[in-house]
């Protein structure tokens, strides 16, 4: 049969990262390409205890159908957490549980955007969400990042000139892939611009708890007096990505549309996963767990930064993020970046070509993304040595 | 802010059933409205053992990111199961794990249908999938059901006359809500019509294993020589709906588009759920578990059918399904069906108004759907007594 696919998905390709992940499941390849939490960051024993307890006390509740909005006690816990810790939940908001923060982006696009509408994003930005937006036939308009977040002049020009802009997608903390943190001044300025031009903001904050230096900055959601911000939170980096539990805080009217879209998609998020997340936050010391994984990532990031300094030629530069899981490296301007990535993977180190994170993959790009959470400390040292040697040979 | 939602979701409403479910969480209301498996049908102890074992042997594997296609050993197990038990997996097919069978319908629509395209479905049909199709701005064309499945003349007329028909949605076994099973002759005829008019078929088979009488009928997928059938399977009725594990068998080209759509939606299905399903099928006697739950539902269905016979006035009629979870009742032609449903819920019995399952809720309808898996046996007897008494008073 000559299959006729929907227009919206005809150009859609699998995420480069997910495909590289598959290749780099080869245990001989050092995985700087993934975004997986470090194995030692999982509270495996506690989760084992928790599930034991769940099946001892409430097995049917863990296996039966549940409501689309999510497990009420977990929702209440997260409402308190968002209110008390982040000042990011108001009476006019609703909070629902989603199957990861990725689902928040997909449902938000489905609820807000017609085909041909535009979403403004940081450039570069997280390819998973860019693809979710693309999958509804929505155009992306990328705004280059300064060291403190989106370039405001270019953002305002885009808001003025682009047609049917529905929302601005932003990862304010330790952005994936750039590592950049949007400053407090820029957060306020971006909010004011969104308000001025009548568009919403999707604030994606999966890495917020993974700060290893500097001072926490309030969320954009915390200044959302005008009910224009949708906030996506996630347990993926602080508990487990495999459980697929995230959450969405959004103005009630918007949230009700997102709920209907979720209902027709996966009905509800795995209830066992929700019960585990609920019990973990409730019965264990969440703050000291976060402190522990922060320490793990601080060490790993430090090892990678030291190794880069030691092994990379001076023509290669990189940022020093205040948290998160990634370091963004700029190869020399004339470099054949894709050729470099192919060469390093043959030498046993997988990295992600930077163009994967652009709104148009064909734009010139000489950056690569390095992840330090997935490899072991030994692999970080060895892998950067190979990256440095290859760079010295090629550039 | 004056929110501007996407056209596709402007008319979308929460599923009547999910909303009634919320109301009927009142423990004083007898739930004939749900579709939940009976508590005694859950292999709770085995799942407790399995999770214990998973966290003992492979805790990181249960918590880490996984691939979009699903856990490979489970996919292989299901490929064998579909091949050997249902003759429904060929070399040209691919099988992936989804977050329930509902997700198969949603991803299939997203991959195949542009806004304004048409999907042909049985009338009545499962509202969850109808809403998934509606959520992409796709038109529904309902084909009335004869006692052995869709009316073929009306199906062919629709295939001729409707514009841009992309697929036929069908639940061949113990259809939700009608309880009707499509005969072998009609399955073949529907397949031939789909082939003739160049449209695909989405065969949704969540209840197939729940046969309590009569002989099993081969799937439509089993005669899919032309690679036009997408098959949706589910663990929801045979293991647990809360785990959210289903699967999709589809021609490779189609499956690859579905995978990309899943990747941008929830990245992958909860890996812990997949490990549980895998281990349950592998290490326990799946067939004898199925035999056990069949017996449970045979008894419950029998109790409801006996009670209906005893308590309902002769003006109310119903079908006798060969399996599944639902009985479809026709009230007298002149009956105020919605008034009846409102009255029974006030008297403590929740049922689903039949119009919820129509392609146009405003069409005349005097049917209601009764579920016998969720209520206890005592509740079935008491609930039907109330339904009968109310019917005698009102009709």
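Could you say which residue among A:249, A:229, A:267, A:245 is at positive phi and in the same structural domain as residue A:49 (by TED's automatic domain parsing)? Working first, answer last.
Working: A:249 fails: at positive phi; A:229 fails: at positive phi; A:245 fails: at positive phi.
Answer to the check: A:267.
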State the number of residues belonging to the stretch A:316-333 that are over 19 Å from residue A:375 (Cβ atoms), part of a loop (DSSP other than H, G, I, E, B) and touching a helix residue (DSSP H, G or I) at 6+ places or on another chain (Cβ under 9 Å).
2
Being surrounded by fewer than 22 Cβ atoms within 10 Å (Cβ to Cβ) and assigned to a helix (DSSP H, G or I) is true for just one of B:383, B:388. Which residue is that?
B:388
Please determine, by comparing only the residues of the stretch A:342-356 that are closer than 20 Å to residue A:123 by Cα and in contact (Cβ under 8 Å) with a residue 24 or more places away in the chain, which one is surrounded by the most Cβ atoms within 10 Å (Cβ to Cβ).
A:352
Given the condition crowded, with 19+ Cβ neighbours inside 10 Å, facing chain B (nearest Cβ under 8 Å) and closer than 30 Å to residue A:266 by Cα, answer yes or no: does some residue in the stretch A:155-168 qualify?
yes
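Are any residues in the stretch B:3-16 more than 10 Å from chain A (Cβ to nearest Cβ) and either at pLDDT 85 or above or over 20 Å from residue A:110 (Cβ atoms) (or both), and if so, which ones? Show your work before the answer.
Residues of the stretch B:3-16 more than 10 Å from chain A (Cβ to nearest Cβ): B:11, B:16.
Passing the criteria: only B:16.
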Of all residues in the stretch B:217-245, count the ones that are in contact with a helix residue (DSSP H, G or I) (Cβ under 7 Å, 6 or more places away or on another chain), within 14 Å of chain A (Cβ to nearest Cβ) and free of Cβ contacts under 8 Å to residues at least 40 places away in the same chain.
5
Would it be correct to say that residue A:267 is in contact (Cβ under 8 Å) with a residue 12 or more places away in the chain, closer than 15 Å to residue A:88 by Cβ, touching a helix residue (DSSP H, G or I) at 6+ places or on another chain (Cβ under 6 Å) and within 11 Å of chain B (Cβ to nearest Cβ)?
no
For residues that are surrounded by fewer than 24 Cβ atoms within 10 Å (Cβ to Cβ) and more than 26 Å from residue A:146 (Cα to Cα), scanning just the stretch A:97-125, find the one that is farthest from the other protein chains (Cβ to nearest Cβ).
A:116
Has the stretch B:126-142 got at least one residue that is more than 14 Å from chain A (Cβ to nearest Cβ) and either surrounded by fewer than 17 Cβ atoms within 10 Å (Cβ to Cβ) or within 21 Å of residue B:185 (Cβ to Cβ) (or both)?
no
Of the residues that sit in the stretch A:44-68 and are within 13 Å of residue A:289 (Cβ to Cβ) and facing another protein chain (nearest Cβ under 7 Å), which one is surrounded by the fewest Cβ atoms within 10 Å (Cβ to Cβ)?
A:44
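Listed here are the residues, each with its yes/no results for (1) surrounded by 16 or more Cβ atoms within 10 Å (Cβ to Cβ); (2) more than 8 Å from chain B (Cβ to nearest Cβ).
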site	(1), (2)
A:1	no, no
A:32	yes, yes
A:37	yes, no
A:42	yes, no
A:70	yes, yes
A:79	yes, yes
A:95	yes, yes
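A quick yes/no check of all residues on (1) under 29 Å from residue A:162 (Cβ atoms); (2) free of Cβ contacts under 8 Å to residues at least 60 places away in the same chain:
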site: A:63; (1), (2): no, no
site: A:81; (1), (2): no, no
site: A:117; (1), (2): yes, yes
site: A:120; (1), (2): yes, no
What are the residues in the stretch A:362-384 that are in contact with a strand residue (DSSP E or B) (Cβ under 9 Å, 6 or more places away or on another chain) and under 23 Å from residue A:333 (Cα atoms), if any?
A:363, A:365, A:366, A:367, A:368, A:369, A:370, A:371, A:383, A:384
Those residues of the stretch B:32-54 which are closer than 19 Å to residue B:378 by Cα and out of contact with any helix residue (DSSP H, G or I) (no Cβ under 8 Å at 6 or more places or on another chain) amount to B:36
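The values are calculated or read from the model by the stated rules, or taken from the named source; none is laboratory data. This structure is a prediction, so every number in the text was calculated from the model and none was measured. Cβ sites come from the backbone with ideal geometry, for glycine too, and all protein chains shown count toward neighbours.
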